[in-house]
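Please treat every number below as a calculation from the coordinates, not as lab data. Since this is a predicted model, take the numbers as computed values, not measurements. Don't worry about glycine lacking a Cβ; one is built from the backbone with ideal geometry, like all the others, and counts go over all protein chains shown.
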């Protein structure tokens, strides 16, 4: 009997020793401006597919619609390891900032200027006092709206802070504002609801660093391997999106709660046709400069600011390590 007990104990001990070591999961809350948008599809894919779990994170997504500036400041203070938004660079270029540009999940402006059902063209807008719904003053949707209006001779627009694309859609529909720039998915919803599309960001830019993955420099220094794995996981999601139409549409529908037809159009137009999601979350110098030009135009960055070289507020070495980690682990 004792021999049997001893054998059982040894067997159980052997099984425990042989079990693969599982890293304890750390909570990771990921802020996004528009949870149902193409602007957050990369984070959504990584969470939905469980890829953050594979690197030790219990990851969840939460909305900061209209509160992007607060999230950028949280990134600056080190309360967030990373944030993906079009508000990072204005903070990153400030002297002594801890924010560093690492990668991108959208390299084009997927914005469309929409108006209410009674405004079918720019001619139907008031010449003065056009109310423009925006998320935050430093966001690219501001530039798109103002640039398209100015192109039509409308220069005295008034900005009304209402929130992300979903909130801007609701504000235009209710008549709170005359126009607002929406992402691709919400533009398709707007058309379904009888609203009108006046113009597109493609009239202004072909290449643009829309979504900027940035990390806190000090956090990266304290957690170099975690930083590499986070970047590599986001690259994995960018690669997956470009390779897997049906899998991405599943995320757009089941995780982001888009209607199936909207999700298909978002993929076919935004990913397949426009190629807005870079294959490996890469960004280009031209995209950076076009973003800075637009931010200075809209005064999200003071036009008199001496902007440092991109390398001064970015971490290309971290991006390269993340790419190598991804390729070595997944052969992408």
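Key figures
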| quantity | calculated |
| --- | --- |
| Degrees, to the nearest 10: 316-330 long Cα axis against longest axis of the chain | 50 |
| Helix axis angle, 140-151 relative to the chain longest principal axis, alpha carbon, degrees | 20 |
| Alpha carbon convex hull of the range 50-159, projected area averaged over orientations, nm² | 9.5 |
| Principal-axis tilt of helix 2-18 within the chain, Cα atoms, nearest 10 degrees | 30 |
| Rounded to 5, percent antiparallel among DSSP beta bridges of the chain | 55 |
| FRET efficiency estimate (nearest 0.05) - Cβ-Cβ, residue 222 to residue 62, R0 22 angstrom | 0.40 |
| Hull volume in cubic angstrom per residue (convex hull over the Cα atoms of the range 225-332) | 141 |
| Residue 297-residue 202 FRET efficiency (beta carbon distance; Förster radius 25 Å; 0.05 resolution) | 0.90 |
| Equivalent ellipsoid, the range 161-223 (semi-axes from 5 times Cα gyration tensor eigenvalues, Å) | 32, 16, 10 |
| q = 0.19 Å⁻¹: log10 I(q)/I(0) that the Debye formula gives for the range 112-203, counting C-alpha atoms only | -0.74 |
| Contour minus Cα-Cα distance for residue 79 and residue 250 (0.36 nm per residue) | 58.4 nm |
| Kirkwood Rh in Å, taken over the range 120-272 so that all alpha-carbon pairs contribute | 17.6 |
| Gap separating the Cα centres of the range 101-141 and the range 170-190, nearest whole Å | 9 |
| Cα centroid of the range 261-320 to Cα centroid of the range 64-97, whole Å | 15 |
| Computed over the chain: relative contact order in percent, which uses C-alpha pairs under 8 Å that are six or more apart | 24 |
| Gaussian network model of the chain, springs between alpha carbon atoms under 10 Å - residue of 166, 60, 305 with greatest fluctuation | 305 |
| Spin-label model distance (nm) - residue 29 vs residue 127, 7 Å beyond Cα toward Cβ | 5.0 |
